[in-house]
Each structure stands twice: as structure tokens, then as C-alpha cells.
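Heads up, the thing below is written out as C-alpha cells.
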Amino acid sequence: MKIKKFWRESTVNKILVVILGLWIALAIIFAFYDLAISKALYNASSQVAGTIQAFGEIPGILFGLFAFFTLGTNLEFNGKRYKKTFFICELAISIFLMYYILNLVLTYLNINFKYVSLSGVPVFLGITLLSLFGFYLFKTKLGNFQKRNYLFAKVGAMTFVISAFIVEVLKVLWGRVRFRDLQQGFSNFTAWYLPQGITGGHSFPSGHAYLAWILIPLFLLAVNKRNIWKWIVLGLTLAYGIFISIERIIAGAHYASDVLFSAGIVTITFLVIYKRYFLKDANSPTGKFKIARKGN
């Protein structure tokens with residue numbers, strides 16, 4: 001009875017049930033065929049997979065920066081101290097994400113840069129100033145855009161942080177060895193449902209797949225536009241998530257279950273937050289008043 005009531009409650013609930021059902025079904029299938037799928041798809045010489053290995057995380061990281069810049073200091077707090085604390089946290093996250101992009105580029109170019117050094121100080125200052133400029137730009141020149149897309153930013157930023165936390169914690173605790181790092185004869189292969197503890201293996205779940213599926217909230221930017229644009233954006237982000245997930249299996253960096261769980265973590269987290277904040281606040285007179293009042 002509870003499941004029927006949950007199903008009838010809203011369209012989002014129906015999507016949640018369908019995704020959970022599909023996730024469970026694929027998780028059971030991959031428990032038996034993970035190794036076989038990787039054997040069939042693995043291609044160590046794939047240039048596409050190599051490029052994605054180097055730069056595939058960047059679109060997801062840029063999404064995170066975009067969401068945090070859009071959110072900016074637009075949230076209302078009871079006191080200035082909480083507002084400042086929140087902004088400092090946003091600034092720290094944005095600086096970290098910019099550092100991450102820089103590190104990806106330097107790694108690809110085989111440049112060994114020491115961040116904790118005298119030469120690292122101007123880099124840190126430059127990234128900090130760039131981050132501050134980003135918040136300033138969105139707060140002033142793009143202020144109307146920021147206020148208009150406040151709910152997108154709120155849902156996107158929360159989905160980004162919560163999904164990242166879950167994925168990174170599981171990576172450390174699961175200790176699954178990547179397919180390309182398996183011993184001869186695949187003797188140290190483990191199924192996804194058997195956590196190995198802290199072993200240094202970081203296959204389960206996939207960080208690249210998480211940063212591909214994290215683009216899903218972008219369709220919220222087109223919610224108030226013609227319906228066709230909303231579905232185009234959603235379709236493109238889903239296609240991108242599937243493409244990156246398959247390429248990570250081809251690269252031997254992950255198994256099918258690794259990318260499945262990343263996709264599931266992001267989509268379910270997004271749907272729960274979307275229902276809790278976007279739908280509720282967008283349809284709430286109080287929510288509309290708060291956003292409109294900020295524009296006065």
C-alpha cells in the first residue's frame with residue numbers, strides 16, 4: 001500500500017521507482033557479468049578513452065563552478081556570520097575545483113609542479129582572485145541571471161557536493177582493483193558487492209562517470225522556456241553520461257557496475273533534492289516572494 005501511495009503521489013516518485021528498479025536489475029546482472037563485459041570492451045590503445053581519462057572530468061567540474069557561482073551569496077541567512085561562513089565555504093570549494101582543473105592539465109602535459117612552494121604562492125593567489133572575480137561577476141553583471149536561476153543553483157550545488165561525498169567515501173572504503181590493474185588470470189578480481197576495505201584500489205564507483213552524470217541538472221535552466229529545449233538539454237546530458245561511462249569501461253579504469261553506481265547515486269540524489277527544493281520552492285508563494293524580493 002505504501003509503495004502504491006508513493007507511486008501515485010507524483011511524477012518524480014514514479015521516475016524514482018523506475019530508476020531504482022532498473023538500477024537493482026542491472027546491479028544483479030553486472031554482479032555476474034562485470035568481468036566478461038570488461039574483457040569484451042577493454043582497449044588499451046583507444047585514443048578516445050585516453051582523452052577522456054585526461055580531460056573527461058573537466059565538464060563536470062565546470063558545472064560545479066557554474067552552480068556555485070550562480071548560487072553565490074544569494075541565499076538568505078538569519079545573520080551575517082552565517083552568510084560569511086557560507087561564502088567562505090563556497091570560495092574554498094571553487095578554489096579547490098580550479099586547482100583540480102589546473103592539475104589535470106599539468107598532468108597531461110607531464111609538468112611536475114610543486115604547489116607547496118614559493119612558485120605555488122602566486123598560483124594560489126591567482127586562482128583565489130579568479131574565483132573572487134567569478135563570484136563578483138555573477139553577483140553584479142549577471143545578477144539577474146543569478147536570481148532567476150537560484151533554484152537551479154541550489155539543486156545543482158547540493159547534488160554536486162552530496163554525490164561527490166558518497167562517491168569518494170565509497171572509493172576509499174570499497175578498495176576495488178581496476179580492471180587494467182588486475183593480476184594475470186584476473187585472480188584478484190572482486191564483485192561489486194564485496195567491499196575490500198582500504199586497499200588503495202579506487203575502481204568502485206567511478207569519479208569520471210559521476211562528473212558526467214552530474215550535468216543532468218542543467219535542464220532546469222530551460223524549465224521556463226519552450227518544452228523542446230528542456231528535453232534537448234536533458235537528452236544531451238543523458239547521452240553524455242552514457243558515452244563517458246562506456247569509455248571508462250573501454251579504458252579499463254572501471255567495470256560496468258562502477259559506472260552504474262555513479263549514475264545511480266547522482267540521479268537519485270538529484271531527484272530527491274529536486275523534489276524537496278525545486279518543485280516545492282518553485283510552487284510555493286513564499287519561495288517566489290523570497291526570490292522576487294532579492295531583485296528589488
(request) Of the numbered conditions (1) part of a loop (DSSP other than H, G, I, E, B); (2) of a type in the set (D, E, K, R); (3) farther than 20 Å from Gly56 by Cβ, Lys154 fails exactly one; give the number of that condition. (result) (1)
(message) Under 7 Å between Cβ atoms, which residue pairs at least 6 apart in sequence (or on different chains) link something in the range 93-106 that is without any contact (Cβ under 8 Å) to a residue 40 or more places away in the chain with a partner that is surrounded by fewer than 13 Cβ atoms within 10 Å (Cβ to Cβ) and assigned to a helix (DSSP H, G or I)?
(response) Met98/Leu130
(request) Return the total of residues in the range 139-160 being farther than 18 Å from Lys275 by Cβ and not polar (S, T, N, Q). (result) 7
(request) Go through the range 77-95 residue by residue and tally those that are under 14 Å from Gly134 (Cβ atoms) and surrounded by fewer than 14 Cβ atoms within 10 Å (Cβ to Cβ). (result) 1
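Identify the residue in the range 157-185 that is touching a residue at least 12 places away in the same chain (Cβ under 8 Å) and among the polar types (S, T, N, Q) and, among all such residues, is farthest from Ile249 (Cα to Cα). Show your work before the answer.
The initial filter retains those residues of the range 157-185 that are touching a residue at least 12 places away in the same chain (Cβ under 8 Å), namely 157-164, 166-168, 170-181.
Those still in the list that are among the polar types (S, T, N, Q) too: 159, 163.
Details: Thr159: 24, Ser163: 21 Å.
Among them, the one singled out is Thr159.
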(message) Could you check the range 219-242 and list, in sequence order, the residues that are within 23 Å of Phe165 (Cα to Cα) and modelled with pLDDT of 95 or more?
(response) Thr237, Leu238, Tyr240, Gly241, Ile242
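Mind listing whichever residues of the range 157-179 are of a type in the set (D, E, K, R) and either in a helix (DSSP H, G or I) or modelled with pLDDT under 95 (or both)? Spell out the reasoning first.
Pass one, the range 157-179, residues of a type in the set (D, E, K, R): 168, 171, 176, 178.
Scanning the range 157-179 gives Glu168, Lys171.
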(message) I need the full set of residues from the range 219-231 which are of a type outside the set (Gly, Ala, Ser) and surrounded by fewer than 19 Cβ atoms within 10 Å (Cβ to Cβ), in order please.
(response) Val223, Asn224, Lys225, Arg226, Asn227, Ile228, Trp229, Lys230, Trp231
(request) May I ask you to say which residue of Phe204, Phe219 is free of Cβ contacts under 8 Å to residues at least 40 places away in the same chain and among the aromatic types (Phe, Trp, Tyr)? (result) Phe219
(message) Among the residues in the range 3-16, are any surrounded by 13 or more Cβ atoms within 10 Å (Cβ to Cβ), under 21 Å from Ala256 (Cβ atoms) and not hydroxyl-bearing (Ser, Thr, Tyr)?
(response) no
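Residues are listed down the side, and each one gets a yes or a no for (1) over 17 Å from the mean Cα position of the chain (by Cα); (2) modelled with pLDDT of 95 or more:
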{"site": "Tyr42", "(1), (2)": "yes, yes"}
{"site": "Leu65", "(1), (2)": "no, yes"}
{"site": "Pro122", "(1), (2)": "yes, no"}
{"site": "Leu129", "(1), (2)": "yes, yes"}
(request) State which residue is surrounded by the fewest Cβ atoms within 10 Å (Cβ to Cβ) when the search covers only the range 242-273 and only residues that are farther than 19 Å from Thr51 by Cβ and of a type in the set (Phe, Trp, Tyr). (result) Phe270
(message) Condition first: surrounded by fewer than 24 Cβ atoms within 10 Å (Cβ to Cβ) and either assigned to a helix (DSSP H, G or I) or of a type in the set (A, V, I, L, M, F, W, C) (or both). Now tell me which residues in the range 190-206 satisfy that.
(response) Ala191, Trp192, Leu194, Ile198
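Could you tell me which of the residues Ala209, Ala239 is in a helix (DSSP H, G or I), surrounded by fewer than 23 Cβ atoms within 10 Å (Cβ to Cβ) and not hydroxyl-bearing (Ser, Thr, Tyr)? Break it down into steps so the answer makes sense when it comes.
Working: Ala209 fails: surrounded by fewer than 23 Cβ atoms within 10 Å (Cβ to Cβ).
Answer to the check: Ala239.
Based on what the data block shows, is Phe135 of a type in the set (Phe, Trp, Tyr) and more than 20 Å from Leu65 (Cα to Cα)?
Values: of a type in the set (Phe, Trp, Tyr): yes; more than 20 Å from Leu65 (Cα to Cα): no.
It is false that Phe135 is of a type in the set (Phe, Trp, Tyr) and more than 20 Å from Leu65 (Cα to Cα).
Would you check which residues across the range 180-201 are under 17 Å from Ile52 (Cα atoms) and either of a type in the set (A, V, I, L, M, F, W, C) or modelled with pLDDT under 95 (or both) and list them?
Kept after step one, since they are under 17 Å from Ile52 (Cα atoms), are these residues of the range 180-201: 180.
Within the range 180-201, none qualify.
The values are calculated or read from the model by the stated rules, or taken from the named source; none is laboratory data. The model shown is predicted, which means the values in this text are computed figures rather than measured ones. Cβ: placed from backbone, ideal geometry, glycine included. Neighbour counts: every protein chain shown.
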